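Read-outs throughout are calculated quantities, based only on the coordinates presented, and are distinct from any laboratory measurement. Because the structure is predicted, anything quoted here is derived from the model rather than measured. Note that each Cβ is placed from the backbone with ideal geometry, even for glycine, and that neighbours are counted across all protein chains shown.
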Amino acid sequence: MTKTKKSGKFYLALVIFSLVGQVAWVVENMYLNVFIYKMFNASAEAISLMVAASAVAATVTTLIIGALSDKLGKRKIFICGGYILWGISIWSFALIRTDVINALFPAAVSAASVGVSLVIIMDCVMTFFGSSANDACFNAWLTDSTDSTNRGSVEGINAMMPLVAILAVFGGFMGVNQDLQDSWTLIFGVIGTAVLLLGVAGFFLIEEAPAKTAVGGNYFANIFYGFRPSVIKSNTRLYTTLIVLALFNISISIFMPYLILYYTVTLQMENYVLIFAPAIILAATFTGLYGKVYDRAGFKTAIIPTMALLMVGYVILYFFRATAPVFIGTLLMMCGYLGTGAVLGAMVRDYTPENKAGMFQGLRIVAQVLIPGIVGPAIGAAVLKNAEMIVNSDGTSSFIPNRNIFLAAFVAAVVTWAVIAPLMKLTKKK
């Protein structure tokens, strides 16, 4: 089958919107954890609650907005308008600071507890705008704009962006003292502005998928279309892939909320970005190229090596603390993480019913965000329940993440294999 070629304008929109969107998600998935840990001494349970609340918000938003974009036959307005509001909501975190809290809530028993609560609430607000723009509509637009001949390649580029975003954010702010409130004001201001400006630029960059037409039927019924037993029965491969995606992301979500804290607090890597950055660059390059393996050889050939890399990475990170093996373990883990994500993402797009991409984005978020966002961090918090504590300079205490998060992630990856095996039998792509 001849590969369908995409225009340079399509790839420009893909790279920019995917990258900046992932930069914004870095704020949520990694930076907010560090923010409430450093500014408000948040516990592992509080971090787990924030991740879970955000996952619920993302899922509900994607179900509602995805179905609405199908109903209207429009993606562009949701993507661009959503990015603009997303940027403004990121800016709002600059106002969540101890001096502002004390001024607004003078009777509060603890400014720290109020700060944690406000961050969790605003995280859900930010997630609403971000999921409307990115999870629901940008991803539906990608599905609309690609086909089975090029989805692996496109998803390879899309899947590499989370690590490129981490590199951009942590590398860009490497010299910023994260123990200072003014540093966070700078971080939220810069990233919020970048997201907002891209939303404006999107009106000139994004073109609606050529064959996109409005979906009929009752809108509220369409929101839950993907949960109908008849739909599940007629799309067995899609739903089996979604189960694998959920289990895989549970494994990732066990350690990811605590990864940066593990490097900086547990391993005392002050310049961890200098170690982290090369691993990210290599893993991102690997993933960008690896998507072609799925296009050419199919699911079975593509999934086995990446899952193996992920699990070997876990093993190394569990057993070693020295810089060199931690770098190797991080590199293998990231290659496995992004590579597997690219393969599963392409599979989901391939098996999504035509002209119903918006309605099925909610299901993708259930598998990719909701279930992992609740189960994964909860497992991580349980593993860290009796973690060692340290006393901070202000007399407060904080937990120290330990290597057991990688052991728990490895066990979850083993469970994932139990579902991958039957999926290989169902899948006969190429």
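For LYS425 and ILE88, compute 0.36 nm times the residue count separating them, minus their Cα-Cα distance, and round to one decimal in nm. Each step should come with its number before you reach the end.
Numbers: separation 337, 0.36 × 337 = 121.32 nm, distance 4.67 nm.
Full-extension gain reported as 116.6 nm.
In deg cm²/dmol and to the nearest 500, what is the mean residue ellipticity at 222 nm of the chain if only DSSP H runs of at least 4 residues count, each as -39500 (n - 2.57), divided by the residue total?
Working: 18 runs with 307 residues, N = 430.
Estimated from H runs of four or more residues: -24000 deg cm²/dmol.
By its C-alpha gyration tensor, with a ≥ b ≥ c as the square roots of the eigenvalues, how is segment 153-200 shaped: rounded for a/c under 1.5, else prolate for a/b larger than b/c, else oblate?
Oblate is the answer for segment 153-200, as a/c is 1.5 or above yet b/c matches or exceeds a/b.
Taking neighbour Cβ counts within 10 Å as the exposure measure, how do VAL414, VAL154 sort from fewest upward? Display every interim value, and only then the final one.
Values: VAL414 12, VAL154 25.
Arranged by neighbour count, lowest to highest, VAL414, VAL154 become VAL414, VAL154.
Pairs of Cα atoms under 8 Å, at least six residues apart: use those to get the relative contact order of segment 86-145, whole percent. Present the calculation step by step, with values, prior to reporting the outcome.
Numbers: 25 pairs, mean separation 24.8, N = 60.
Answer for segment 86-145 is 41 percent.
Using θ = phi - 60° and the Karplus form 6.51 cos²θ - 1.76 cosθ + 1.60, what ³J(HN,Hα) does each residue of segment 312-320 get, whole Hz, x for Gly and Pro?
5, x, 4, 4, 5, 5, 6, 8, 10
Label points 7 Å out from Cα along the Cβ direction at LYS6 and GLN181: separation in nm?
Each label point is offset 7 Å from its Cα along the Cβ direction, giving 4.4 nm.
Using a ≥ b ≥ c from the Cα gyration tensor of segment 323-405 (square roots of the eigenvalues), is it rounded, prolate or oblate, where a/c under 1.5 gives rounded and otherwise the larger of a/b and b/c decides, a/b for prolate? Let's see the in-between values first.
Values: a/c = 3.72, a/b = 1.87, b/c = 1.99.
Oblate, since a/c reaches 1.5 and b/c is not below a/b.
Return TRP417, TRP86, TRP91 ranked ascending by Cβ neighbour count within 10 Å, so the fewest neighbours appear first.
Details: TRP417 14, TRP86 27, TRP91 19.
Listed from fewest to most nearby Cβ atoms, that is TRP417, TRP91, TRP86.
Let's see if you can work this out: charge +1 on each Lys and Arg Cβ, -1 on each Asp and Glu Cβ, no other charges. What is the dipole magnitude of segment 153-262 about its Cα centre, in debye to the nearest 20?
Details: 4 positive and 5 negative charges, 123 e Å.
For this selection, approximately 600 debye.
Please identify the longest segment of the chain free of exposed GluC sites (Glu not before Pro), where exposed means a DSSP state other than H, G, I, E or B and no more than 16 other Cβ atoms within 10 Å. Intermediate values should be presented prior to the final figure.
Values: sites that count: GLU207, GLU208, GLU270, GLU354, GLU388.
By the stated rule (loop sites, at most 16 other Cβ atoms within 10 Å), 1-206.
Give me the net charge of PHE128's neighbourhood, meaning all other residues with Cβ under 12 Å from the Cβ of PHE128; Lys, Arg count +1, Asp, Glu -1. It would help to have the intermediate numbers written out before the result.
Details: positive: none; negative: GLU28, ASP123, ASP135.
Local net charge: -3.
What does the charge add up to near ASN29, with Lys and Arg as +1, Asp and Glu as -1, over the other residues with Cβ less than 15 Å from its Cβ?
-3
How many nm separate the modelled label positions at ALA308 and LYS233, each set 7 Å beyond the Cα in the direction of the Cβ?
Once both label points are built, they end up 4.0 nm from each other.
Considering Cα pairs under 8 angstrom that are at least six residues apart, work out the relative contact order of the chain and quote it in whole percent.
It rounds to 28 percent for the chain.
Tell me, what HN-Hα J-couplings in whole Hz come from the Karplus equation 6.51 cos²θ - 1.76 cosθ + 1.60 at θ = phi - 60° for each residue of segment 331-345, using x for Gly and Pro?
Going residue by residue, I get 4, 5, 4, 5, 4, x, 4, 6, x, 5, x, 5, 5, 5, x Hz, with x marking Gly and Pro.
For an R0 of 51 angstrom, estimate the FRET efficiency from the Cβ-Cβ distance between GLU270 and TYR219 and round to the nearest 0.05.
Numbers: r = 53 Å, r/R0 = 1.03.
E(calc), rounded to 0.05, equals 0.45.
Going down the table (LYS5/LYS356; LYS38/LYS385; LYS9/LYS74; LYS233/LYS356; LYS3/LYS233; LYS71/LYS233), which pairs top 21 Å between alpha carbons? Each step should come with its number before you reach the end.
Values: LYS5/LYS356 23 Å; LYS38/LYS385 19 Å; LYS9/LYS74 19 Å; LYS233/LYS356 16 Å; LYS3/LYS233 30 Å; LYS71/LYS233 24 Å.
Over 21 Å Cα-Cα: LYS5/LYS356; LYS3/LYS233; LYS71/LYS233.
Sort ASP295, ASP99, ASP70, ASP147 so that the residue with the fewest other Cβ atoms within 10 Å of its own Cβ comes first and the one with the most comes last.
ASP99, ASP147, ASP295, ASP70
Using all alpha carbons of the chain, what is the percent of pairwise distances in each 10 Å bin, ordered from the shortest bin to the longest?
5, 22, 34, 26, 11, 2, 0
Taking the alpha-carbon distance from LYS425 and a cut-off under 20 Å, which aspartates and glutamates remain once sequence neighbours fewer than 8 residues away in the same chain are dropped?
Here the aspartates and glutamates satisfying the reach criterion relative to LYS425 are ASP295, ASP350.
Tell me whether segment 270-324 comes out rounded, prolate or oblate; compute the Cα gyration tensor, take square roots of the eigenvalues as a ≥ b ≥ c, and use a/c under 1.5 as the rounded threshold.
Working: a/c = 5.56, a/b = 1.72, b/c = 3.24.
It comes out oblate by the Cα gyration axes.
From the backbone phi of segment 220-234, what are the Karplus-calculated ³J(HN,Hα) couplings (6.51 cos²θ - 1.76 cosθ + 1.60, θ = phi - 60°) in whole Hz, Gly and Pro given as x?
Coupling constants for segment 220-234: 5, 5, 5, 4, 9, 3, x, 9, 5, x, 5, 5, 4, 5, 8 Hz.
Once you compute Rg and the Kirkwood Rh from C-alpha atoms, what is the Rg to Rh ratio for segment 38-97?
A ratio of 1.10.
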